[in-house]
Amino acid sequence: MKQSYSKVYRIFHWAIAISFILLLITIFLRLTWMNKDNMAGIIESYLSETDQVLSQDQLIVLAKQIREPMWQWHIYIGYVLVGLFCLRFMLPLFGKMKIPNPLDKSLNIKEKLQKWIYIIFYLGVVISLVTGLMIELGPKDLKKPMEEIHILSIYYLVSFIIIHLAGVLLAEFTDQKGIVSRIVSGENSD
């Protein structure tokens, strides 16, 4: 049986997906082009051409200040994601978007595996969101351990996205033809 996706489901799916992509972009930028050491090197190179010198610490502070507005977007998107997931977990109370139940006896092995992957994903997201909130709003003495846990989020998130896309492609080209059309428009492409 081909699953159909309600408008509410599709809106939440894509809002969450876009939020994750934007979060990954901010992480990618912070780890690559906007890395504080890389940016400090660019600033230092420019200043050396104008016979100006800053210490390495000053260069790092300046680099962090330049990238701060971009990093604020990471935080804002995190707040949006907190709101989306709070609503996502409240929707089943109204009969919408039920939480997957991998213990349902009527499911085959593949369906159980899919549902377990989503449960693990949801747990990872909750941990990421809670640690992110603790970093921003919690006691300062917990900031460092929360950051260490929060940084690990990238591993489950990238893994989930790869597994999710591979699963969608596999389904699209095997037994769930039209799954991409249904999650985009809600209509079958048959």
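Just so it is clear, none of the values below were taken in a lab; they were calculated from the coordinates. What you see is a predicted model, and the numbers here were worked out from it, not measured in a lab. Cβ atoms come from the backbone with ideal geometry, glycine included; neighbour counts cover every protein chain shown.
What ³J(HN,Hα) values, in whole Hz, does the Karplus curve 6.51 cos²θ - 1.76 cosθ + 1.60 give for segment 142-147 when θ = phi - 60°, with x put for Gly and Pro?
The phi angles translate into 9, 4, 4, x, 5, 4 Hz.
Compute the distance from the alpha-carbon center of segment 1-69 to that of segment 117-173, in whole Å.
Using only Cα atoms to place each centre, the spacing works out to 18 Å.
Quick one, which of (1) 12.2; (2) 14.5; (3) 9.9 is the actual mean projected area of the Cα convex hull in nm² calculated for this model?
Calculated mean projected area of the Cα convex hull in nm²: the matching label is (2).
In whole Å, what are the Cα extents of segment 100-190 along the three principal axes, biggest one first?
Between the extreme Cα coordinates on each principal axis of segment 100-190 lie 56, 30, 20 Å.
Among the lysines, which fall within straight-line cross-link reach of Lys36, defined as a Cα-Cα distance under 26 Å, with same-chain neighbours fewer than 8 residues apart omitted?
Candidates past the 8-residue exclusion: Lys64, Lys140, Lys143, Lys144.
Restricting attention to the alpha-carbon atoms of segment 77-152, what are Rg (one decimal) and Dmax (integer), both in Å?
Cα-based Rg and Dmax for segment 77-152 come out at 15.4, 48 Å.
Along the charge dipole of segment 32-91, Cβ charges K/R +1 and D/E -1, which of Gln65, Leu91, Ala40 sits furthest on the positive end?
Farthest towards the positive pole: Leu91.
Using square roots of five times the C-alpha gyration tensor eigenvalues, list the equivalent-ellipsoid semi-axes of segment 1-99 in whole Å, biggest first.
44, 12, 8
How big is the dipole moment of the chain about its Cα centre under a simple scheme where the beta carbon of each Lys and Arg is +1, that of each Asp and Glu is -1, and everything else is neutral? Debye, nearest 20, please.
1060
For the Cα atoms of the chain, what angle does the longest principal axis make with the long axis of helix 109-137, in degrees from 0 to 90, nearest 10?
For helix 109-137, the angle is close to 30 degrees.
Report the calculated FRET efficiency for Asp57 and Leu133 (r = Cβ-Cβ distance, R0 = 35 Å), to the nearest 0.05. Walk me through the intermediate numbers first.
Details: r = 30 Å, r/R0 = 0.86.
With R0 = 35 Å, the Cβ-Cβ based efficiency is 0.70.
In a Gaussian network model over the chain where Cα atoms closer than 10 Å are linked, find which of Phe121, Phe12, Phe28 has the largest mean-square fluctuation.
Comparing Phe121, Phe12, Phe28 in a Gaussian network model of the chain, the most mobile one is Phe28.
As a test of the formula, what do you get for the chain when each DSSP H run with n ≥ 4 contributes -39,500 (n - 2.57) and the sum is divided by the residue count, at 222 nm and rounded to the nearest 500 deg cm²/dmol?
That calculation yields -25000 deg cm²/dmol at 222 nm.
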